Amino acid sequence: MKISRRGFLAGSASVTATLGGAGLGFSAVPSRSPASNRTLVYLFLRGGMDGLNLVMPRTGVHRTEYLNKRPNIAVPISNMHDLNGVFGLHGNCDGLKALYDSGKLAFIHAVGMPEGQASRSHFDSQEMFELGTPGNLATTTGWLARHMNTSPHIASDAVIPSLATTSSSPTSLLGDFRAMSLDDASSFHPNSGRYGDEHVNALGRIYNGTSTLDYAVQNALNMIDLLQQIDITVPSSYPNTGLADDLGLVAGMIKENVGLQVATVDYGGWDTHNGQGNDGGGYFATHVGDLSAAIKAFMDDLESSGLIDNVVLIVQSDFGRRVRENGNEGTDHGTAQPIMVIGGQVLGGQIYGSFPGLRDSDLYLNTDLRMTTDFRQVYCDVVGNFLLNPNLSTVFPGYTGPKSIGLFDTNTIFANGFD
């Protein structure tokens, strides 16, 4: 049947798939262990989200410092959800609050790279997070690719084991030659018009050899055939936003049982140097509200499909913003940030990590929220205790810190993790 994505958005699509020379027929992926059916979705908020206006102090000295350092853009008590009496969540995040209250969302505050290894450059920081090697931009593979290349739980005949909802794979999938990049399946075709089938057949006859290029074209043509056989419709319950459509595409692939182990999603627009919004309103409030609504729709979709226990969503950004607002009623590039981990098996409804404080003496370089949790500790917890990949030293080379922060009930997961 013809693929649909809310009818799918009009636009362009590209696929990069190097799965070997064999043709791909569409069929359900056999599960060799329950972990083969688990999916990690990695949502990167490009631009540097102001985490202190997402999850902010609600009481005490931290609240006083927050108000003093952000006289215009601080989120008032009247515009926040109470998380645990000490911290609040931006009032536009009704969906995230519902997930938190149901025990499916965990916040880890003050997450970042070790001091001296972080960067306030968008490019460098994004690269190091996605490479999984803080302080080292020379790494040649991404952390998700290293997981894909070492996990014992990826079905050998998975049709689409890894997916990027962008026109090209992000750095986190660098080195995963099975990764598929797909930003709009409705137009994934060399010519979807009157002579579309003839063009596909002609390409198949031209590229029928055994070279790398021949295999790449053959597999791209196989993907065309696959995408025409499955139906991925974004339910009307999703908001009408680009992020919601991307998450809806991922949910559709999970429901179609194509063997999806990891998926990446990008959502930009977080570089709020100017006019961030006063009193918890304005641009940031709208943007974070869209983020919250899209994530809630995604998780509701998975729950209604009986798949929420098989999926974990990690949400992070380039870096946090500086604690003090700037002269343009915005915030400049900072360091540590809160990360969200969401899923049916996540021990949510709580805030993990240690909050370092907002007094001048608490800040990193007198400007930034100080890092207290290495991001690799969070990633290791998900990769090791949810995806059940034991090869953490390969996925995160050089990391010798804790491998868990307590996000999962490992007794339950490991009891059911293997056939």
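The values are calculated or read from the model by the stated rules, or taken from the named source; none is laboratory data. Note that the coordinates shown come from a computational prediction; the quantities given were computed from them, not determined experimentally. As a convention, Cβ positions derive from the backbone with ideal geometry for all residues, glycine included, and neighbour counts pool all protein chains shown. With ligands, DNA and RNA removed, areas are computed over all heavy atoms of the protein, side chains included. Shrake-Rupley method; radii C 1.70, N 1.55, O 1.52, S 1.80 Å.
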Quiz item: With the Cα gyration tensor of region 340-419 giving a ≥ b ≥ c as the square roots of its eigenvalues, does the rule (a/c under 1.5 for rounded; else a/b larger than b/c for prolate; else oblate) give rounded, prolate or oblate?
Solution: oblate
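Just subtract the alpha-carbon distance of residue 347 and residue 140 from 0.36 nm times their residue separation and send over the number in nm, one decimal. Intermediate values should be presented prior to the final figure.
Working: separation 207, 0.36 × 207 = 74.52 nm, distance 3.35 nm.
Fully extending the segment from residue 347 to residue 140 adds 71.2 nm.
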Quiz item: How large, in percent, is the carbon and sulfur part of the accessible surface of region 40-117 at a probe radius of 1.4 Å?
Solution: 49 percent
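Would you mind counting up the charge near residue 358? Only other residues with Cβ under 12 Å from its Cβ, with Lys and Arg at +1 and Asp and Glu at -1.
Values: positive: 63, 69, 70, 322, 324, 359, 370; negative: 65, 360, 362, 368.
My count for the surroundings of residue 358 gives +3.
Given R₀ = 56 Å, what would the calculated FRET efficiency be for residue 372 paired with residue 233, taking r from the Cβ atoms and rounding to 0.05? Intermediate results must be reported in sequence, preceding the final value.
Details: r = 43 Å, r/R0 = 0.77.
So, using R0 = 56 Å, E works out to roughly 0.85.
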Self-check item: Stretchable slack from residue 61 to residue 328, in nm (0.36 nm times residue separation minus alpha-carbon distance)
Solution: 93.6 nm
Quiz prompt | Distance in nm between pseudo-label sites at residue 213 and residue 360 (7 Å out along the Cβ direction from Cα) | solution = 6.5 nm
Exercise. Count the net charge of all other residues whose Cβ sits under 11 Å from the Cβ of residue 65, scoring Lys and Arg as +1 and Asp and Glu as -1.
Key: +3
Exercise. Return the distance in nm (one decimal) between the two label points of a simple spin-label model at residue 412 and residue 279, each offset 7 Å from Cα along Cα→Cβ.
Key: 4.3 nm
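Heavy-atom accessible area per residue, region 296-419, 1.4 Å probe: how many Å²? Before the final figure, lay out the partial values.
Working: 4380 Å² over 124 residues.
On a per-residue basis, region 296-419 sits at 35 Å².
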Quiz item: If one computes the Cα centroid of region 117-142 and of region 310-387, what distance in Å separates the two points?
Solution: 16 Å
Practice problem: Leaving ligands, DNA and RNA out of it, report the carbon-plus-sulfur percent of the accessible area of region 235-277 at a 1.4 Å probe. | Solution: 45 percent
Self-check item: Protection proxy ranking of 393-403, 329-339 - average other beta-carbon atoms within 10 Å, highest first
Solution: 329-339, 393-403
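Arranged from highest to lowest average of other beta-carbon atoms within 10 Å per residue, in what order do the peptides 356-363, 343-350 appear? Write out the running numbers ahead of the final one.
Details: 356-363: 16.0, 343-350: 19.9.
Sorting 356-363, 343-350 by mean packing, highest first, produces 343-350, 356-363.
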